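The values are calculated or read from the model by the stated rules, or taken from the named source; none is laboratory data. Since we're looking at a predicted model, the values are computed, not measured. Backbone-built Cβ (ideal geometry, glycine too); neighbour counts: all protein chains shown. Keep in mind that these areas ignore ligands, DNA and RNA; they rest on the heavy atoms of the full protein, side chains included. Shrake-Rupley method; radii C 1.70, N 1.55, O 1.52, S 1.80 Å.
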Amino acid sequence: MIFDVVTIFPAMVEAALSVGVVGRAIEKGLLEVKVRDLRDFTTDRHRSVDDQPFGGGPGMVMKVEPIFKALDAIEAARGTKGTVLLTSPQGAVFNQGLAARLSERQHLVLLCGRYEGVDERVRSRVDEEISIGDYVLSGGELPALVVVDAVARFVPGVVGDDQSVAEDSFSRGLLDFPHYTRPAEIGGERVPDVLMSGNHGDIRRWRRRQSLARTLERRPELLDTAALDDEERRILDELRRKA
Ligand code: 4HQ
């Protein structure tokens, strides 16, 4: 899968993509990520990417021409426009379902805004506007990195163990169960006996129950859309009766 990221802070984006699961997937050739410096697509002496807002007011607005030139260059280099994404608080809120859907695209282009945002006319070339949540950031680089990471995890081979992607709590629409490792006891806190029992049926049932109980407690709205099997429905009914 191919990602092009357009930013005025290429070093920030490159540093984040060079490590961990995504960094390894790039090394393996499973992902191709090209980070493009928006200033390379300016034509003035000062390499300006922003200008004052028409109508007045504070802050600066990202200019159209460098962004259009960057998109033209990407299309010329790749032979396809790709699916163009703009990260902004006005977008649809990103989630695991959207990440899965985007992972079916062969080529994503991510535009990272700075300042007060992009000139509205940039949106004529944007396929999807995505927000990573209801808070204000200083730029679209962190959201773009969030999108690349979550989408890349769906590309076969990127996450070492396919099983763990399929069982990812959010893929199932539930919160994760508690995890433990050695030592078995610390400061008087013991690992639950069931996890030390070696009884894999009991362990599986305990984990399901924990996922359901935590979801009911912390994020009950997730249960409206979670895909639950018969055993999970039964456990959930029982948890609700107890509550
Ligand atoms: N931004 N989810 C870009 C965000 C944001 C978010 C702030 C992005 C300002 C120009 N983007 N600009 N939240 O807060 O995607």
For Arg105, Arg39, what's the largest-to-smallest order of accessible area, 1.4 Å probe? Arg105, Arg39
Using 1/(1 + (r/R0)^6) with R0 = 51 angstrom and r between the beta carbons of Asp72 and Arg241, what's the FRET efficiency to the nearest 0.05? 0.25
Please compute the per residue accessible area over the chain with all protein chains in place, 1.4 Å probe, rounded to a whole number of Å². 58
So if R0 is 45 Å, what FRET efficiency would Arg233 and Ala15 give, r being the distance between their Cβ atoms, rounded to the nearest 0.05? 0.50
The chain - percent relative contact order, Cα under 8 Å, separation 6 or more: 18
Report the relative contact order of region 103-243, percent, no decimals, based on alpha-carbon pairs under 8 angstrom and at least 6 residues apart. 19
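Once you have a ≥ b ≥ c as the square roots of the Cα gyration tensor eigenvalues for region 95-146, tell me rounded if a/c is under 1.5, and otherwise prolate or oblate according to whether a/b is larger than b/c.
Working: a/c = 2.09, a/b = 1.30, b/c = 1.61.
Because a/c hits 1.5 or more and a/b fails to exceed b/c, region 95-146 counts as oblate.
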Can you give the direction-averaged projected area of the convex hull of the alpha-carbon atoms in region 1-110, in nm²? 8.6
Among Met62, Met196, Met12, Met1, what's the order by accessible area (1.4 angstrom probe), most exposed first? Met196, Met12, Met1, Met62
Region 112-205: GluC sites (Glu not before Pro) falling in loop per DSSP and having at most 15 other Cβ within 10 Å: Glu116
Radius 11 Å from Cβ of Glu65, net charge of other residues (Lys, Arg +1; Asp, Glu -1): -1
Would you mind pulling out the separation of the Cα centroids of region 61-92 and region 107-145, in Å? 10
Could you sort Ser197, Ser211 by accessible area so the largest value comes first, with the probe set to 1.4 Å? Ser197, Ser211
For a test of the definition: using alpha carbon positions, the gyration tensor, and the 1.5 limit on a/c, classify region 141-243 as rounded, prolate or oblate. oblate
Nearest-0.05 FRET efficiency for Arg47 and Ala92, computed from C-beta distance (R0 35 Å): 0.60
